[in-house]
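Worksheet: one structure, shown below.
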Amino acid sequence: MTPLLATCLNGHVYLVGRMTKAPVLDLLLHELSLAAPAGFAVGLHIRYVSPLIMVNTYPDTWQEVYTSKLYGLRDPTLAWGLSHTGTRRWSQIGLPDPFGILDESAEYGLRYGMIASIGPMSSRTIAGASRADREFTDDEMELIYRIVHRMHDLSEPPARLSKAQADALKRIAEGDRHAAAAAKLGISESAFKARLTSARQKLMARTTAEAVQRAKEYGLI
């Protein structure tokens with residue numbers, strides 16, 4: 001199965017298939033794509049506004065419009081997801097849409113949709129799914145909710161790093177190059193790089209810089 005493309009809001013792009021627990025997450029993303037024929041967008045573990053992982057398969061043209069018009073700050077479906085948990089059809093959200101975002105999205109094939117919201121406010125996962133032909137049934141919404149809930153559980157940020165992982169990231173955070181950091185820790189450079197790799201995998205980061213940033217945000221270093 002070809003890994004799906006994932007894009008974080010900080011601009012980094014990487015393949016889901018390269019992440020820790022990739023086979024299961026990649027399978028769940030595939031299942032979600034089948035359940036949402038017009039596309040989906042899912043932000044996993046939204047903290048401090050940005051999600052840990054963001055995957056968006058809506059049409060590129062709609063994504064460009066959505067971004068350029070700052071609809072993320074005005075989207076009633078997102079507002080519902082931030083203030084509720086569970087599922088709701090877009091047509092039943094009951095929130096104002098003064099910018100006509102839902103009507104405009106229909107012009108790009110996103111005529112019917114649903115929102116799923118999971119987890120505490122401190123680490124909320126929100127997913128939108130759409131189809132062009134009809135409303136989602138209750139059973140379809142339940143299926144999507146279960147898929148997203150499983151993704152939420154699998155991508156839970158770690159509560160701690162091993163001492164070796166934390167020490168390696170601290171050295172990088174303090175500006176050391178690999179050789180110097182390895183010497184300070186009394187290990188070989190290859191062993192130091194292996195510690196960085198394991199830290200990136202645990203934090204589901206594409207680069208060491210991302211791993212350092214996430215470790216700081218989570219209070220792990």
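The values are calculated or read from the model by the stated rules, or taken from the named source; none is laboratory data. It should be emphasised that the depicted structure is a prediction, and the values quoted were computed from it without experimental measurement. Please note: Cβ atoms are built from the backbone with ideal geometry, for glycine as well, and neighbour counts cover all protein chains shown. Keep in mind that these areas ignore ligands, DNA and RNA; they rest on the heavy atoms of the full protein, side chains included. Shrake-Rupley method; radii C 1.70, N 1.55, O 1.52, S 1.80 Å.
Residues in the stretch 6-21: is at least one modelled with pLDDT of 95 or more, more than 16 Å from residue 124 (Cα to Cα) and basic (Lys, Arg)?
First, pick out the residues of the stretch 6-21 that are modelled with pLDDT of 95 or more: none.
No, that holds for no residue.
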Looking at the structure I just gave you, is residue 177 within 18 Å of the chain's Cα centre (by Cα) and basic (Lys, Arg)? no
How do the pairs read when you match residues in the stretch 73-91 that are in contact (Cβ under 8 Å) with a residue 40 or more places away in the chain with residues anywhere that are of a type in the set (Lys, Arg) and surrounded by 13 or more Cβ atoms within 10 Å (Cβ to Cβ), using Cβ under 7 Å and keeping only pairs 6 or more apart or on different chains? 82/124
Complete set of residues in the stretch 56-92 that are touching a strand residue (DSSP E or B) at 6+ places or on another chain (Cβ under 7 Å), part of a loop (DSSP other than H, G, I, E, B) and open to solvent by less than 30 Å² (accessible area, probe 1.4 Å): 58
Please go through the stretch 120-179 and give me each residue that is touching a residue at least 40 places away in the same chain (Cβ under 8 Å), surrounded by fewer than 20 Cβ atoms within 10 Å (Cβ to Cβ), of a type in the set (A, V, I, L, M) and not in a helix (DSSP H, G or I), ordered by number. 132
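Any chance the stretch 176-198 includes a residue that's in contact with a Ser or Thr (Cβ under 7 Å, 6 or more places away or on another chain) and under 18 Å from residue 122 (Cβ atoms)? Quick ask: steps written out before the conclusion?
The initial filter retains those residues of the stretch 176-198 that are in contact with a Ser or Thr (Cβ under 7 Å, 6 or more places away or on another chain), namely 182, 196.
Filter again for under 18 Å from residue 122 (Cβ atoms), leaving none.
No, the conditions are met nowhere in the stretch 176-198.
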Here the qualifying pairs (Cβ atoms under 8 Å; residues six or more apart or on different chains; first in the stretch 19-40 and on the phi > 0 side of the Ramachandran plot; second modelled with pLDDT under 95) come out as 21/154; 21/155
